Amino acid sequence: MSNDKPILELQGINKSFGPVQVLRAVDFNVYAGKVTALIGDNGAGKSTLVKCIAGVHPTDSGEVRFNGQSVSIHGPKDASELGIEIVYQDLALCENLDVVQNMFLGRERLKHGLLDGSSMEQAARDTLASLSVRTLKSVRQQVMSLSGGQRQTVAIARAVLWNSKVIILDEPTAALGVAQTAQVLELVRNLANQGVGVVLISHNMNEILQVADRVSAMYLGQVAADIEVTESTTRETLVELITSGRSGDVGLITNDAEEEVTA
Amino acid sequence: MTDTTTEVLADFALDTTAKSLGDVVSDAKARFKSGNLGSLPSVLAIITLVAIFGYANPDAFLTTSNLANLMGQASAVIVIAMAVTFVLLLGEIDLAAGFTAGVAATVMATRLADGWPLWQALAISALVAIALGMFTGYMVAKVGIPSFVVTLANFLSFQGILLLLVKDKGTLRVQSTPVKALVGGNLSPTLSWLLVAVGLTLFAWSLWRTMANSYGAVPRSLVLIKLGGAAAAAIMVTLLLNENRAFEKAKEQGTVIDGIPYVVPAIMVLLVLLTFLLTRTQYGRHLMAVGGNPEAARRAGINVQRIRLTAFGLCGLIAGIGGIFLASFVDSVDPNTGANDTLLLAVGAAVIGGTSLFGGKGRVLNAVLGGIVLALIPNGLPLVGQRSPFGIIDIDFSSSGVKFICAGLALLAASSVDALSRKGA
């Protein structure tokens, strides 16, 4: 497993807002075909890390490698050109447009300078089918008429449509009911099975144990642990990592020993 | 097709299953029930108004000359409503569109009075209209002032421009024959039939195209019903309008007034072009997206400011064209061209037709339907005359007061439908 090279590799990322250091020497890896859960308490730095990857915030120092190549991401455009897509919590869908129109928004296919509706519709349907989406009855439905889970599906499928290599999902199930959560988690799994590197930000430990291959836990701006999810990984371990940055022999060394270790 | 593809497509059953006419009707019923009424209220309003006025005074209202009149009366409001539609779709408003029309008409009239050729006068008037619209757009999109405030200010200043242009001449007559004929002139009966043939062919082609791309969701029977209905209506109206509709006395002196009014093809061309722009081009799609969710549009890489700016420019241009209709209706311009209730009726027409004031929802066709409703009210009420409907009070239905009250109630009813449908959704 460890012989797989990460598709996205962040090393020693530092980021400060004024005097506050939000990210401290963060190492974070995303593997193709795997779901990497990013966990941590509010304020641990998850969102900042994601925004650094997305190019929304510039980093102060550190290296980003994509497919082994050193890259610099200066803006959202750079990120999407690399194939990094982020599905934010508020989804950013146009309710008055239909599923196809939303999936192709801003990147419409044209034929003779005019919208090529049937080609876009077919591609949208193919993409949804490739993700084994079974919850949408029609791609011509307005998003207004869709449920929360269906909307999440559309937002994720939109990211897939652009042959993204890395898709970051920001709490995709936070607002969903039980059945819809299950649908979205299945979709997350299917995404990874297609070879996409998936980052799942979530506060739900059960859902992480169910769907994630790896977990990166953040604690006060540092990555406390980067572990593989095995059958012996428990909910308690994850909760301890989130609340104290340490669980058993994994995680950050206590403050007294910190200097010694970093030296 | 392999087995797997068939199975996969079954997930999108609604897109791929052929539908019967009954399915389409029940779909439409479900849509209405969920509060999405579309143009239904305006169509019902047209039918109701025609029934009431036709019952009250059939001899005057249900005549071919009144039908032709109605088209002329509705035309300018319809065109300005089309203009306003483009900013309403963004959730914005243009209170100055009426005066933009007035200024554009006056620019054309003054150029013509100076002896300019028609096309040059029209070109300069279009440029002025675009400039006025872009100015509004700049203030809204770049400076960031709410469009209500910007266009309220422009309502005053464009009126000032209009007064300066007309100067003390009071009324400026328009002598150009083509401009005068736009509202009031008629196609010859032969050309009328040619227009019907061309129009129906294009309609059939567009229906066929929709059906072919629908994977069976649009049944052939629906296409045939739509086409048959349109053909029957067009042929009947053309038969009526191709009759000589001059007054009896004038007929005896050999006056012939017949054929479809020029405004009909003029409005139809605008309708088709603008609908095409809105539904088939990337610009139109982006405009709808900005109206629906500006933040989502911005994240999708759409330049929201540019869309806002150009939508106001487009609104100005179309309003300017509406100004030509205003001038043509009375063959002149004066300080009241595009003033008074012009703008209110135009916004009202768009909303009555089903275009939302909250943005993201609407069609160009709505402007036509709503414009007809608002033209029917002042056209029909005077023909009702003095009545006492419940035997209690005498009401003079031909008075301006009653006209305004009725138009106001129609607008209120339409915007209630809009607001309630949003609540329901």
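Each reported figure results from applying straightforward, stated rules to the coordinates on display, with no laboratory input. What you see is a predicted model; the values in this text were computed from it and never measured. Reconstructed Cβ throughout: ideal geometry from the backbone, glycine too, with neighbour counts over all protein chains shown.
Data table
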| quantity | calculated |
| --- | --- |
| For region B:133-147, Karplus couplings with θ = phi - 60° (6.51, -1.76, 1.60), whole Hz, Gly/Pro x | x, 5, 4, 4, x, 4, 4, 6, 7, 8, 7, x, 8, x, 4 |
| Simple label model, 7 Å out from Cα along Cβ direction - B:Gln253 to B:Phe404, nm | 3.7 |
| Residues A:Ser244 and A:Arg109, FRET efficiency given R0 of 35 Å [Cβ-Cβ distance, rounded to 0.05] | 0.10 |
| Pairs of lysine residues in chain B - Cα separation under 21 Å, sequence separation of 8 or more or cross-chain | 10 |
| Difference of contour (0.36 nm per residue) and Cα-Cα distance, A:Asn42 to A:Gln122 | 24.7 nm |
| Semi-axis lengths (Å, descending) of the ellipsoid that matches the C-alpha gyration tensor of chain B | 35, 30, 23 |
| Computed lengthening from B:Phe390 to B:Leu62, 0.36 nm per intervening residue step minus Cα-Cα distance | 115.6 nm |
| Within a Gaussian network of chain B (alpha carbon springs, distance under 10 Å), most fluctuating of B:Gly199, B:Gly229, B:Gly185 | B:Gly229 |
| FRET efficiency, B:Thr279 to A:Thr234 (Cβ-Cβ, R0 41 Å, nearest 0.05) | 0.15 |
| Among B:Leu88, A:Gly197, B:Pro189 - extreme Cα towards positive end, dipole of the protein assembly as shown, charges at beta-carbon | B:Pro189 |
| Candidate lysines - alpha carbon under 29 Å from A:Lys46, same-chain residues fewer than 8 apart omitted | A:Lys5, A:Lys15, A:Lys34, A:Lys77, A:Lys165 |
| Qualifying chymotrypsin sites (Phe, Trp or Tyr not before Pro) for region B:326-395 [loop in DSSP, other Cβ within 10 Å: at most 16] | B:Phe358, B:Phe390 |
| Value of Rg to Rh for region B:126-261 (Rh from inverse mean 1/r over Cα pairs, i.e. Kirkwood) | 1.17 |
| Distance histogram for the protein assembly as shown (every C-alpha pair counted, 20 angstrom bins, percent rounded to whole numbers) | 15, 40, 28, 14, 3, 0 |
| Contour excess over end-to-end distance, with Cα ends at B:Asn213 and B:Leu163 and 0.36 nm allotted per residue | 12.8 nm |
| Separation of the A:Asn193 and B:Thr171 label points, Cα + 7 Å toward Cβ, nm | 7.9 |
| Using alpha carbons only: equivalent-ellipsoid semi-axes of region B:186-260, gyration tensor based, whole Å | 37, 11, 5 |
| Gaussian network model of chain B, springs between alpha carbon atoms under 10 Å - residue of B:Ala81, B:Ala97, B:Ala56 with greatest fluctuation | B:Ala56 |
| Percentage relative contact order, chain A, counting C-alpha pairs under 8 Å, at least six apart | 25 |
| Cut-off 12 Å between beta-carbons: net charge of the residues surrounding B:Phe148, Lys and Arg +1, Asp and Glu -1 | -2 |
| Radius 15 Å from Cβ of B:Ser176, net charge of other residues (Lys, Arg +1; Asp, Glu -1) | +1 |
| Length-normalised contact order of region A:28-144 in % [C-alpha pairs under 8 Å, at least 6 apart] | 20 |
| Counting DSSP beta bridges with both ends in the protein assembly as shown, the antiparallel % (nearest 5) | 65 |
